[in-house]
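Contents: one structure, followed by commentary.
The values are calculated or read from the model by the stated rules, or taken from the named source; none is laboratory data. Here the structure is a predicted model, which is why all the values come from computation and not from measurement. We place every Cβ from the backbone using ideal geometry, glycine too, and count neighbours over all the protein chains shown. These area figures cover heavy atoms from the full protein model, side chains too; ligands, DNA and RNA do not enter into them. Shrake-Rupley method; radii C 1.70, N 1.55, O 1.52, S 1.80 Å.
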Amino acid sequence: MSAGPAPRVLAPDAAAIAEAARVLRAGGLVAFPTETVYGLGADALNDRAVARIFEAKGRPRFNPLIVHFPAAEDARHCVVFDARAERLAAAFWPGPLSLVLPRRSGSAVSLLASAGLETLAVRVPRNDVALKLIAALERPVAAPSANRSGEVSATAAAHVAQSLGARVDLILDGGPSPVGLESSIVDLTGERAVLLRPGGVTREAMEAVVGPLALGGAGRPGAPRAPGQLASHYAPRLPVRLNAQSVRPGEALLAFGPDPPVGAVETLNLSPTGDLVEAAANLFAMLRALDRPGRTGIAAMPVPGHGLGLAVNDRLRRAAAPREPLAEDLPSG
Ligand code: AMP
Ligand code: MG
């Protein structure tokens, strides 16, 4: 499926990498080569830029993204490493291994990149262009695979162009991805290390370094997706009331659009202008901010279901639902 106008594609020389860093700094999207697949990158500290990733991919829900760093010491500013993480990073970084670790409190990484969770998936890719780009930005880069949702991961610049078209601002063409398979994902936020997704580093190689890995998510055939299972999706403590047109006593209001009802204990507006990218960028931070004791609940105004509104509504429904992990929460790739 083609997305209309052709995107800008550059050979990844020094000038192109500097230009790509400028695009990222300005909140744009850059597709770049990694050893696994092509990444659709955004400045990981910029909520709006991260929201644009979901928009460009057409993802129907906000699943957490892998955030890319130039080196392990940079990742340590954003997440907490334990001894297992240190050993795995020493053995396999740079390389096709992503580690899910607890976010550092006060980390500047977009909550949207974590899909609202207290955890973050981090990785140091083994690709010169990727490393130079992240170093040039001087910020971490959030990047899922550079293809529309539901399509196979792009392993060449031409695939990216074909799939995303001008939804991506710039593509750095670094040739075909040598591994051609996504990174392995290991969740180290619990007592047991869990292989959430098999990928470019083999289970055996990792077990030689940290001992047995439990299988979760896509690693275990037929199993419910591990993030839903282990980390749970972000759910406010307060009850959430959907499609609110007015405010009931004691409620905080998650508003949308120019004309919210009055009378709430506190009102935060996802987007006064009705911009869905802005709404997505604000969603998790505002839900958290409103979720304070002494209130009867959070009233959420309706958000249109088109574009990013689909994923916004998906999250709001989950926030309003009973606290069980949802069985349909299957891996997206
Ligand atoms: P992709 O977006 O294709 O790169 O895939 C990223 C994968 O990493 C998804 O399957 C996510 O569910 C998983 N992932 C990323 N961050 C986390 C996290 N904090 N907790 C659990 N899984 C994660
Ligand atoms: Mg993919």
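In this structure, is Phe81 modelled with pLDDT of 95 or more and within 16 Å of ligand 2 (Cβ to nearest atom)? So Phe81 fails the test. Counting only strands (runs of 3 or more DSSP E) that sit wholly inside the stretch 40-158, those with at least 2 residues that are in contact with an Asp or Glu (Cβ under 8 Å, 6 or more places away or on another chain) are 97-102. Restricting the stretch 1-39 to residues that are assigned to a helix (DSSP H, G or I) and among the basic types (Lys, Arg) leaves a set whose member that is nearest to Gly175 (Cα to Cα) is Arg22.
Table: residues versus (1) within 19 Å of the chain's Cα centre (by Cα); (2) polar (S, T, N, Q); (3) outside the structural domain of Leu133 (by TED's automatic domain parsing); (4) open to solvent by 10 Å² or more (accessible area, probe 1.4 Å).
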site: Ala15; (1), (2), (3), (4): no, no, no, yes
site: Arg22; (1), (2), (3), (4): no, no, no, yes
site: Thr34; (1), (2), (3), (4): yes, yes, no, no
site: Ala42; (1), (2), (3), (4): yes, no, no, no
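Restricting the stretch 128-176 to residues that are within 10 Å of ligand 2 (Cβ to nearest atom) and of a type in the set (A, V, I, L, M) leaves a set whose member that is surrounded by the most Cβ atoms within 10 Å (Cβ to Cβ) is Ala146.
With within 15 Å of the chain's Cα centre (by Cα) and open to solvent by 50 Å² or more (accessible area, probe 1.4 Å) as the only criterion, which of Arg8, Arg48, Arg59 stands out?
Details: Arg8 fails: within 15 Å of the chain's Cα centre (by Cα); Arg59 fails: open to solvent by 50 Å² or more (accessible area, probe 1.4 Å).
Every option except Arg48 fails the conditions.
This table checks each residue for (1) closer than 29 Å to Asp13 by Cα; (2) touching a residue at least 24 places away in the same chain (Cβ under 8 Å).
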| position | (1), (2) |
| --- | --- |
| Val79 | no, yes |
| Glu86 | no, no |
| Phe92 | yes, yes |
| Arg104 | no, yes |
| Leu111 | no, yes |
| Leu117 | no, yes |
| Val122 | yes, yes |
| Ala130 | yes, yes |
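The residues in the stretch 177-220 that are within 16 Å of ligand 2 (Cβ to nearest atom) and among the β-branched types (Val, Ile, Thr) can be counted, and the count is 2.
For Pro96, state whether it is assigned by TED's automatic domain parsing to the domain that holds Arg48 and open to solvent by 10 Å² or more (accessible area, probe 1.4 Å). First the steps, then the outcome.
Details: assigned by TED's automatic domain parsing to the domain that holds Arg48: yes; open to solvent by 10 Å² or more (accessible area, probe 1.4 Å): no.
Criteria not met by Pro96.
Of all residues in the stretch 114-132, one or more are of a type in the set (Val, Ile, Thr) and over 16 Å from the mean Cα position of the chain (by Cα).
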